[in-house]
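For reference, the structure discussed in these notes is given below.
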Amino acid sequence: MIEVKDLWYKYPREERYVVRGVTFSFKEGILSITGPNGSGKTTLLKLIAGLLKPARGSVIIGGRDMWSLTERDRTMLRREIVYVHEKPVLFRGTVIENVSYPLKLRGYDKGYRLTRATKVLRLLGIEGIAHEKVRNLSAGQAQLVSIARAMVIEPKCLLLDEPTSNLDARHKDLLLRLLRGFAQKGTLVLIASHERSALRIASQALLLRDGTMAFYGNPIEAQEVLHEIYG
Ligand SMILES: Nc1ncnc2c1ncn2[C@@H]1O[C@H](COP(=O)(O)OP(=O)(O)OP(=O)(O)O)[C@@H](O)[C@H]1O
Ligand SMILES: [Mg+2]
């Protein structure tokens, strides 16, 4: 369960608050966060991931208040949350090395790491590039690899920033279907996107307009409000 209470944020040296009084609680499934460019989607995801510290308000995950915890407990909490940046951040080497790396960090043996990583690549429809060097990947492939690397550890919360922006229709469908499977197994999935495709699989929708919450609730009703926001 994620609880966000009266969250406010402004970037250092800026005057303007770009997240303004956002409040919601999200128990299970997939939350789609939609809104125009600059409405605060990325900032909100980073606040939930604990990567940015709110000016006011709180982020409570599984009953733990992110910024009331000790440094050590906060680090533990952050391990349960994976934020996938919209621009893939990969290290040098091959696809399979990148995807199995988080398992290496967690001490799993090589055989297990390869089996798990290969499975995730297959589910995303990119097993064919397992031994490709990441520097040779297309934008969409790199995006899928960075998502695979997040999925491989089966986090409690998976936060995806514009995950479908570079994907073709087939990979977009595969990804959305896979995310639904993760959500059914108990992962909380948050998808920030200016596209509406995630609304199709979402159990809840949050619409942002200029940093404020224009709507929170049923994804079908959200479609109507979206028309008003985008004009
Ligand atoms: N590092 C930063 N420093 C200062 N202002 C920033 C910074 N990052 C974002 N902003 C501002 O915060 C506001 C919200 O930006 P944010 O990136 O959260 O929006 P977004 O909804 O994710 O947009 P997009 O659809 O383009 O990804 C914008 O007005 C933006 O200019
Ligand atoms: Mg963004």
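General observations
- Protection-proxy order for peptides 19-27, 165-173, each taking the mean of Cβ atoms within 10 Å per residue, highest first: 19-27, 165-173
- Partners of LYS119 within straight-line reach, counting aspartates and glutamates whose Cα lies under 14 Å from its Cα and excluding those fewer than 8 residues away in the same chain: GLU97, GLU127, GLU154.
- Residue-count net charge about LEU45 - beta-carbon cut-off 11 Å; Lys, Arg +1, Asp, Glu -1: -1
- Longest site-free stretch - the chain; sites: GluC sites (Glu not before Pro), DSSP loop, at most 12 other Cβ within 10 Å: 16-231
- Contact order normalised by residue count of region 1-153, Cα under 8 Å, 6+ apart, percent: 21
- Extents of the chain, largest first, come to 47, 43, 35 Å (Cα atoms, principal axes, whole angstrom).
- Computed from the Cβ-Cβ distance with R0 of 30 Å, the FRET efficiency linking SER165 to GLU71 stands at 0.30.
- Sites GLU28 and GLU132 - FRET efficiency at Förster radius 35 Å, r taken between beta-carbons, to 0.05: 0.45
- Loop-resident trypsin sites (Lys or Arg not before Pro) (DSSP state other than H, G, I, E or B) in region 91-169 with no more than 12 further Cβ atoms inside 10 Å of their Cβ: ARG92, ARG106.
- Neighbourhood charge, 10 Å Cβ-Cβ cut-off, centred on SER100 and excluding it, Lys, Arg +1 and Asp, Glu -1: +4
- The lysines within cross-link reach of LYS53, meaning a Cα-to-Cα straight distance under 30 Å and a gap of 8 or more places when in the same chain, are LYS5, LYS10, LYS27, LYS41, LYS87, LYS104, LYS156, LYS185.
- Distance between the pseudo-spin-label points of LEU51 and ARG16 (7 Å out from Cα toward the beta carbon): 2.2 nm.
- FRET E, pair GLU228, SER58, Förster distance 25 Å, beta-carbon r, rounded to 0.05: 0.25
- Here the Kirkwood formula puts the hydrodynamic radius of region 130-231 at 14.9 Å, using every distinct Cα pair.
- Along each principal axis, Cα extent of region 87-154, largest first, Å: 30, 21, 20
Throughout, read-outs are computed from the coordinates displayed, never taken from laboratory work. Keep in mind the model is a prediction, meaning the values are calculated, not measured. Glycine also receives a Cβ, built like all others from the backbone with ideal geometry; neighbour counts cover every protein chain displayed.
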